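What follows is a single structure, written as structure tokens, with notes after it.
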Amino acid sequence: MHLISRDSPCYYLTSVAKDRLPVFRTSEIKTVTCAALDEARNSGRFALYAYIVMPDHLHVITDSTLSASRTLQFINGIISRRIIAFLKDHDYETSLRKLQHERRPRGYSHSLWDHHPDARLLLTEKMLMQRVHYTHQNPVRANLIKRAEEYRWSSIRYWNRRILEDEPLRMDIDRIKWRSGGGASRSFGRA
């Protein structure tokens, strides 16, 4: 169980697509992204507490099993490889050209990400819940939907305890040990 504290914080991670390109705008790409996030979680053995995939960026809240930079390496590395492979396999030449750069020492010729990801420490349950709410409201603020619950590519249904059978990505919020004793639904305003 994860008791959120200064000694055991959560990470709020933000990764932005190169040049803010709307790489994640299609359901197919978002499906690949969610599968890659799940793969990153399993490979890095960290917990996922919340997420959202927006057209040009994503937010993820994780535990602190690994360092923030190591967690981002798993997340951004695996998502990047899977998305670029998908674009190549499906002949998305225009998209690939936008992500192309000079061949790097490790042999990469495409970059999915802006190379300035953001990592914030969440030291309390209150900080966690503020970031969970903020994350889930992203598509509302972007005028993609009217209500956060309408957006498929987020963890809001886990937090509202209204999980779909075909949920794109499972969350590990049952691993959080709540000081308040009420669990995620109580903390999310669903007592």
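Read-outs: derived from the displayed coordinates by stated rules, not from any lab. No experiment lies behind these values; they were computed from the predicted model shown. FYI the Cβ positions are ideal-geometry reconstructions off the backbone, even for glycines, and counts take in every protein chain you see.
At an R0 of 22 angstrom, the distance between the Cβ atoms of E28 and D166 translates into a FRET efficiency of 0.90. Amide H to amide H, with H built 1.01 Å from N, W178 comes under 5 Å of G183, counting only residues 5 or more places away or on other chains. Entry note, the chain: relative contact order of 30 percent, from Cα contacts under 8 Å with a spacing of 6+ residues.
Axis angle, to the nearest 10 degrees, between helix 125-141 and the longest C-alpha principal axis of the chain: 50 degrees. Comparing mean-square fluctuations of M129, M171, M54 from a GNM of the chain with C-alpha springs under 10 Å, the top value falls on M129.
Calculated [222 nm] ellipticity per residue, helices only, for the chain: -12000 deg cm²/dmol; basis is -39500 (n - 2.57) per DSSP H run with n ≥ 4, divided by all residues, nearest 500. Which one, T26, T62, T135, has the greatest fluctuation when you compute a Gaussian network model over the chain with C-alpha springs under 10 angstrom? Checking each option, the largest mean-square fluctuation is seen for T26. Taking other residues whose beta carbon is less than 13 angstrom from the beta carbon of R131, and scoring Lys, Arg as +1 and Asp, Glu as -1, yields 0. Each residue in S111, S27, S95 was given a count of other beta-carbon atoms within 10 angstrom of its own, and listing them fewest first yields S27, S111, S95. If the chain linking A142 and L21 were pulled fully straight, counting 0.36 nm for each residue of separation and taking away their Cα-Cα distance, it would gain 42.1 nm. Counting only lysines at least 8 places from K18 when in the same chain, those with an alpha carbon closer than 24 Å to its own are K30, K88, K98.
Using 0.36 nm per residue and subtracting the Cα-Cα separation, the extra length available between D38 and Q100 on full extension is 19.7 nm. How about the range 77-151: which GluC sites (Glu not before Pro) there are in a DSSP loop, with at most 12 other Cβ atoms within 10 Å of their Cβ? Sites meeting the loop and neighbour criteria: E102. Exposed loop sites here are trypsin sites (Lys or Arg not before Pro) in DSSP loop states with at most 15 other C-beta atoms within 10 Å. What is the longest stretch of the chain lacking them? Segment 46-102 is the longest.
Computed over the chain with a Gaussian network model linking Cα atoms closer than 10 Å, the most mobile of V16, V60, V140 is V140.
Distance between the modelled labels on L66 and K88, one decimal in nanometres: 2.2 nm (7 Å Cα→Cβ projection). Derived from the Cα gyration tensor, the three semi-axes of the equivalent ellipsoid of the chain are 29, 19, 14 Å, largest first.
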